[in-house]
Amino acid sequence: MLRDKHYDLLVIGGGNAALCAALTAREQGASVLVCEHAPRALRGGNSRHTRNLRCSHDAPTDVLTENYSEEEYFEDLLRVTGGVTNEKLARMTIHESKFVTPWMYERGVRFQPSLGGTLSLSRTNAFFLGGGKALVNAYFAEAEKKGVEVVYDTEVVSLDIEEGFFKGAEVRYHGFPDYVRAKALVVASGGFQGNIEWLTEAWGPSAANFIIRGTPFNKGLMLRDLLAKGAEPNGDPTQCHAVAIDARAPKFDGGIVTRLDCVPFSIVVNNKAERFYDEGEDVWPKRYAIWGRLVAQQPDQIAYAIIDTKCLKLFMPSVFPPIEGRTIEELAGKLELDPAKLSKTVKGFNAAVQPGSFDPSGLDGSRTEGLEPAKTNWARKLDEPPYYAYPLRPGVTFTYLGVTVDEKARIQMADGKPSANMLAAGEIMAGNILGQGYLAGLGMTIGTVFGRIAGQEAARYVNR
Amino acid sequence: MSIAEQPVSLVGLARGLQGATLEESRRTMEICNACRYCEGYCAVFPAMELHRSFSNRDLVHLANLCHGCKGCFYACQYAPPHEFGLNLPKVFAELRRESYEHHAWPGALAGLFQKNGLFVSLATGLLLIAVMLLSALLVDPQALFGVNRGPGSFYAVIPYEVMVALGSLSFGYAVLALVMGLRNYWRESGAKQVGGKALALGLHDALTLRHLSGGGHGCNDTHEGFTQSRRWLHQAMMWGFLLSFASTSVATIYDHVFGWIAPYSWYSAPVVLGTLGGFGLTIGSGGLFWMKFKTDPEPTAQRNFGMDMGLLAQLFLVAVTGLALLFFRHTSAMGMLLVIHLGFVLALFVSLPYGKFVHGLYRFAALVRHHADQRAASQEEGSAS
Ligand SMILES: Cc1cc2nc3c(=O)[nH]c(=O)nc-3n(C[C@H](O)[C@H](O)[C@H](O)COP(=O)(O)OP(=O)(O)OC[C@H]3O[C@@H](n4cnc5c(N)ncnc54)[C@H](O)[C@@H]3O)c2cc1C
Ligand code: HEM
Ligand code: SF4
Ligand code: SF4
């Protein structure tokens, strides 16, 4: 029973931000309870699917090459968000990112050496050895060692808040109603992308066809509760980060392996066998994120990337084997598309391809002429059978709606004042900095920086 | 027909390799290859990244390259209860054992891997009895219980010729069978070309057990936490084994070349090497034995338990009886101890080619191929850019 105890701090969530907050507060003497909705085997939220975080640094370190100045980092952020960011919080986060890797190391997180093989991001991003689950395991082990109390299978269902002041929380502890008393609260419960009904409110019935790349436990219950109880919202409730992933992926927790990198070398058609967007608009990392939305706008939220044999080895292998056909018509049959229409689309495309020198490593200008929509790079005829197809669906990474915080991670109330004892960290407040778009590795940086600040602030509050 | 070319359905019929283990290994590698989060842990992942699809021979190579450190199990976002249910250390341990069986020489004895624990115990029991009977029949039964001192005292228990014949026959056979098995393995899963550099790097990785260090900070020896215990215990055991082996070799030279007859004095090379080796073996195998019971069984192959335990027990018993012989050689216990030690040693020799021991050779071969492959790949990359 949790009802009989009294804690200094309640932390909601079991991902990166929650653990950074719990560890920091515990190290400063606070008694801490972490409530994680997931069972132990599935703990760690979306953080367990991550692989790196983005850090500013002035000189090469053991885990990062060259340098990445605060200014350059901020410019990258401005570029992806189009300016939808709180500059003060953003600059502070970027500055603090310089100091996180040694802190993480001391708490058991290990990184890959910076020279490691295939990683083109090793200048800006530090890669976790073993990925995010290894990171989460290390933090849980450290928390256990330091005396943080962790309960799994414990969902926080409702917060007792009086005029912006946290009193306690109703929880379901292994399925049974219970209550937690604590002097301060850190909410680090992620976004609401695991909540299909909520997604449906924003996107309509098409949301039923979305695949959620991460944990099913991020249902946004705490976000909704906080907003209902006077917290100031932040971010666009109708936006989410979605990429095109393999339609055969599991509904939840498919993680990184369901990603598909073949779009730039393919033609992409919808279930009417028609193309709908320039597949060669830009290099894939830059265009990766728009394809989720593009597919979401197609009938039944499905599309098919089609390539021929010569393209098969140009992209990272995928977990699901491509669907194969000796002819375009045969392939169409397997995809349940109209063979005549697909054949017509391919013929039309092939006829529009202009001669050019194909170069997969950069924008090569190999394009179509007189085709709508055009393909402006890597346009090559589909003429080497067998032909292959990968089905695509929108895969949601995270949602943008959250709570507004200040530089001490305090939750802002709608009346304009910060809460005295309620703090937020991670995805639930990431929109303050990443208002739109995506910058690889920023989510974990925000979680780490704000987790630490929230932990510190909570400890300061309870020790005062 | 090599396993690489066999259609999957036939592979199931081939000795050792089972279609199901190969298929599960392939499925696992295909998911890992799309993920690659574990690439910093060990050699398996960089080796995997050289492929887009995995032939049977590649899978056997990768399985033998794996050191079973379990790092990639606890770090895996797709481990059970995820619907992908990945358990790489387990399936690779199973495939490794199947590959030992598949390549065993002569093929007719491959089945000994199946009930390895039983085979090892039977071999040990029978050889113990055989040595005792030999001693009792060839020498006076009283010799077993008398006090014998000075040069040649061992031969008062077992005649010199008999000891030499038993030792060289069983050891010679073991070497032959091991070499033939390794040859079978290399033909199917080795590299096409190997330079001196790859050989040296492979030897270095094998002797330092580099990949049982989890990329530096230790392995998940028994659970989610990281330690280096397994690595150090195995080092004690492996070097203990090599030292004991060196001891026997030096003693053989003393005997045959110089005519110096055992037992040797406390500070002689064979005794010093043997004592150090004996302690290393005892501590190493005893420690690993203990860890086997402590460890989380999920990422291990329960099917291999008997085989792993068999060799551990043999090494432990050889070492303990050897040390006992050393300490009590001047007492009336010497005769019995010598016979028992000899029985264990002979049993170890005859079971070497059909048990866990072959992993040392196969792993070494896999490490050599790994370095050869990596060099070839980086040269290809160099000439392409
Ligand atoms: C496939 C994938 C790959 C990604 N890769 C990267 C990357 O490489 N780098 C990067 O920076 N970002 C990456 N991201 C984004 C990153 O996952 C998030 O930014 C980050 O994990 C957010 O951390 P968090 O601690 O706020 O939330 P989470 O890690 O999602 O944790 C939320 C926790 O709250 C718990 N919870 C939710 N509601 C309740 C409740 N009511 N009661 C109790 N507990 C509750 C959940 O169970 C969970 O443990 C990736 C996302 C995905 C989906
Ligand atoms: C080429 C050098 C060697 C390498 C690279 C090597 C590597 C390993 C590794 C990684 C393991 C743990 C994984 C597993 O159980 O499969 C192991 C186990 C074992 N090794 Fe070796 N080994 C070598 C040589 C030897 C030798 C010479 C011996 C005999 C003395 C030996 C005896 C054992 C035993 C008994 C085990 C089982 C221990 C257990 O199950 O916990 N190894 N070896
Ligand atoms: S073991 Fe799991 S986490 Fe590691 S590379 Fe394979 S799929 Fe990825
Ligand atoms: S168990 Fe260890 S050695 Fe084997 S593949 Fe996984 S990380 Fe590598």
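In a DSSP loop and with at most 14 other Cβ atoms within 10 Å, the trypsin sites (Lys or Arg not before Pro) in the stretch B:49-100 are B:Arg52. Available extension along the chain between A:Phe165 and A:Arg3 is 56.4 nm, counting 0.36 nm per residue and deducting the alpha carbon span.
Of B:Tyr155, A:Tyr68, the residue with the largest accessible area leads and the full order is B:Tyr155, A:Tyr68 (1.4 Å probe).
Relative contact order of the stretch B:149-247: 11 percent, from C-alpha pairs under 8 Å at least 6 residues apart in sequence. Amide hydrogen proximity for A:Ser31: with H placed 1.01 Å from N in the peptide plane, the residues at 5 or more positions away or on another chain lying under 5 Å are A:Asp8, A:Leu9.
The Cα atoms of the stretch A:140-286 cover 57, 36, 28 Å along the three principal axes, with the biggest extent listed first. With no solvent and one point per C-alpha, what does the Debye sum give as log10 I(q)/I(0) for the stretch B:217-321 at q = 0.21 Å⁻¹? Once normalised to I(0) and log-transformed, intensities are -1.03. The accessible area of A:Trp203, taken with all protein chains in place and a 1.4 Å probe, comes to roughly 60 Å².
Excluding ligands, DNA and RNA, the accessible surface per residue across the stretch A:217-310 is 33 Å² with a 1.4 Å probe.
Averaged over the residues of peptide B:70-82, the number of Cβ atoms from other protein chains lying within 10 Å of each residue's Cβ is 5.
Projecting the alpha carbon convex hull of the protein assembly as shown along each direction and taking the average yields 41.7 nm². Please tell me the relative contact order of chain B in percent, rounded to the nearest whole number, where contacts are Cα pairs under 8 Å and at least six residues apart. Relative contact order, chain B: 26 percent.
Note on exposure: A:Arg464, A:Arg107, A:Arg367 ranked by accessible area (1.4 Å probe, complete protein assembly) read A:Arg464, A:Arg367, A:Arg107, with the most exposed listed first. Chain B packed on chain A takes about 2500 Å² of accessible surface away from a 1.4 Å probe, both sides summed. Sorted largest first, the spans of the alpha carbon positions of the stretch A:1-61 along the three principal axes are 51, 28, 12 Å.
If you look at the Cα atoms of the stretch A:408-464, you get an Rg and a Dmax of 12.3, 39 Å.
Here the accessible area of the stretch A:127-184 is 48 percent carbon and sulfur, with a 1.4 angstrom probe and all protein chains present.
With the convex hull drawn around the C-alpha atoms of chain A, the volume per residue stands at 141 Å³. Cysteine residues of chain B whose C-beta has no other cysteine C-beta under 4.7 angstrom: B:Cys32, B:Cys35, B:Cys42, B:Cys66, B:Cys76. Per-atom-type breakdown for the stretch B:1-157 gives carbon and sulfur 64% of the accessible area (1.4 Å probe, protein chains only).
Using alpha-carbon pairs under 8 Å, 6+ residues apart, how would you state the relative contact order of chain A in percent? Computed value for chain A: 23 percent relative contact order. Only helices enter the 222 nm calculation for chain A: every DSSP H run of n ≥ 4 contributes -39,500 (n - 2.57), and dividing by all residues gives -8500 deg cm²/dmol, rounded to 500.
Considering only B:Phe113, B:Phe258, B:Phe92, the Gaussian network model of chain B with Cα springs below 10 Å gives its largest mean-square fluctuation to B:Phe258. Just in the stretch B:80-179: which GluC sites (Glu not before Pro) are loop by DSSP and have at most 12 other Cβ atoms within 10 Å? Taking the stretch B:80-179 and a limit of 12 other Cβ atoms within 10 Å, the loop GluC sites (Glu not before Pro) found are B:Glu83. The lysines within cross-link reach of A:Lys313, meaning a Cα-to-Cα straight distance under 18 Å and a gap of 8 or more places when in the same chain, are A:Lys381. Let a ≥ b ≥ c be the square roots of the eigenvalues of the Cα gyration tensor of the stretch B:231-385; is it rounded (a/c under 1.5), or, if not, prolate (a/b larger than b/c) or oblate? Cα axes put the stretch B:231-385 in the oblate bin. Across the stretch A:192-204, rounded Karplus estimates of 3J(HN,Hα) from the backbone phi angles (6.51 cos²θ - 1.76 cosθ + 1.60, θ = phi - 60°) give 10, 5, x, 9, 4, 4, 5, 4, 5, 4, 7, 10, x Hz, Gly and Pro being marked x.
Computed log10 I(q)/I(0) for the stretch A:238-333 at 0.23 Å⁻¹: -1.51, from the Debye equation with unit scatterers placed on every C-alpha and solvent omitted. Counting only protein chain heavy atoms and rolling a 1.4 Å probe, the accessible areas of A:Glu162, A:Glu384 rank, largest first, as A:Glu162, A:Glu384. P(r) tail for the stretch A:302-415: Cα pairs beyond 18 Å make up 63% of the total. Converting the Cα gyration tensor eigenvalues of chain B into ellipsoid dimensions via √(5λ) gives semi-axes, longest first, of 42, 21, 20 Å.
To the nearest ten degrees, helix B:56-65 and the longest principal axis of the Cα atoms of chain B are 60 degrees apart. Solvent-accessible surface of chain B, taken per residue with a 1.4 Å probe and all protein chains present: 43 Å².
Here the sum of -39500 (n - 2.57) over DSSP H runs of 4 or more residues, divided by the residues of chain B, equals -21000 deg cm²/dmol at 222 nm, to the nearest 500.
Look at the stretch B:36-46: the mean tally of other chain Cβ atoms within 10 Å of its residues' Cβ atoms is 5. What a 1.4 Å probe finds exposed on the stretch A:338-464 is 50% carbon and sulfur by accessible area, rounded to a whole percent. Counting every C-alpha pair in the stretch A:1-102, the share spaced more than 17 angstrom apart comes to 66%. Estimated at the nearest 10 Å², the accessible area of B:Glu381 is 140 Å² with a 1.4 Å probe. Annotation: amide H-H contacts under 5 Å for A:Asp160 (H modelled 1.01 Å from N, sequence separation of 5 or more, or interchain): A:Lys167, A:Gly168, A:Ala169, A:Glu170.
Quote the charge dipole size of chain A about the Cα centre in Debye, to the nearest 20; the model charges only the Cβ of Lys and Arg (+1) and of Asp and Glu (-1).
720 debye
When its C-alpha radius of gyration is set against 2.2 N^0.38 Å (N residues), the stretch B:256-301 gives a value of 1.90. Cross-link pairs exceeding 22 Å between alpha carbons, from the set A:Lys167/A:Lys408; B:Lys90/B:Lys356; A:Lys88/A:Lys417; A:Lys133/A:Lys408; A:Lys5/A:Lys183: A:Lys133/A:Lys408. Surface calculation, 1.4 Å probe, protein heavy atoms: B:Val368 sits at approximately 0 Å² accessible.
For A:Leu423, the amide hydrogen comes within under 5 Å of the amide hydrogens of A:Leu185, A:Val186, A:Val187, A:Ile411, counting only partners 5 or more places away or on other chains and with H modelled in the peptide plane.
The values are calculated or read from the model by the stated rules, or taken from the named source; none is laboratory data. If you're wondering where the values come from, they're calculated on a predicted model, not measured in any experiment. Note that we place each Cβ from the backbone using ideal geometry, even for glycine, and neighbour counts take in every protein chain shown. In case anyone asks, the SASA skips ligands and DNA or RNA and just uses the protein heavy atoms, side chains included. Shrake-Rupley method; radii C 1.70, N 1.55, O 1.52, S 1.80 Å.
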